[in-house]
Amino acid sequence: MMNRRRRSKTLEKAARAVRDTDEFVEHVFNIARGFAAHHELDAGAGVRGVRQALRAFDKHAGALAQWLKQSSRAGSAEHQALATLGGPQTAAISDWLQRHARAASTAEGKLAGTKLRQAPRFAARALRATFEHHKLKVSQQATAKKQSDAVQLLCAIARDGGDPTVTPAQAREWLIESTRE
């Protein structure tokens, strides 16, 4: 059964060119919906959320490292609290926290202005599974003159899902990567 909320006619035409069944077209539409949801996270809220989580880790790791430093003073409340816990290796813990806080800060800097790129990864895996389910061959051909059905369909899914920048060469790479996982 076809879903009443259809995607674009262009996507339907591309899907029907591969396999002219309602079930196949519905699977492609579902992949496009998933791509759109992942793309929205990739481009905005997802990256922002990861950066915020890294900042929170950095902040809390720094505060905990400071607390551990204060616990090294005999007679302090922190020192007594750790002694009650059995006196863990505060130097090793403090070193670990400082290294990982620096790593979080570095990772946050690398994420600035980037996309997570989960949408094409999701779509390539789902498209591969759909092709296998429908007993279709997944070819990754992507030359200047000819692209395989899978590459063309992945590009159409990306366009329909909100990312018109996916090229056949990129689609080919995502399909190749999906075989490695």
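Tabulated data
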item	result
Positions within region 1-15 being at pLDDT 85 or above, more than 14 Å from Cys155 (Cβ to Cβ) and surrounded by 11 or more Cβ atoms within 10 Å (Cβ to Cβ), in sequence order	Glu12
Criterion violated by Gln152 - all others in (1) free of Cβ contacts under 8 Å to residues at least 60 places away in the same chain; (2) farther than 15 Å from Gln118 by Cα; (3) not acidic (Asp, Glu) satisfied	(1)
Residue within region 146-168 that is on the phi > 0 side of the Ramachandran plot, within 15 Å of the chain's Cα centre (by Cα) and not hydroxyl-bearing (Ser, Thr, Tyr) present	no
Helices (runs of 4 or more DSSP H) lying entirely in region 53-163 (those with 2 or more residues that are closer than 30 Å to Phe29 by Cβ)	118-133, 149-161
Hey, Gln140 crowded, with 16+ Cβ neighbours inside 10 Å and either in contact with an Asp or Glu (Cβ under 7 Å, 6 or more places away or on another chain) or among the polar types (S, T, N, Q) (or both) or not	yes
Subset of region 80-96 (residues that are surrounded by 10 or more Cβ atoms within 10 Å (Cβ to Cβ) and over 42 Å from the mean Cα position of the chain (by Cα))	Gln80, Ala83
Pick from region 127-137, criterion farther than 19 Å from Ser8 by Cβ and within 20 Å of the chain's Cα centre (by Cα), ranking: surrounded by the fewest Cβ atoms within 10 Å (Cβ to Cβ)	Ala129
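The values are calculated or read from the model by the stated rules, or taken from the named source; none is laboratory data. As the structure is a prediction and not an experimental result, all values here were calculated from the model. Note that each Cβ is placed from the backbone with ideal geometry, even for glycine, and that neighbours are counted across all protein chains shown.
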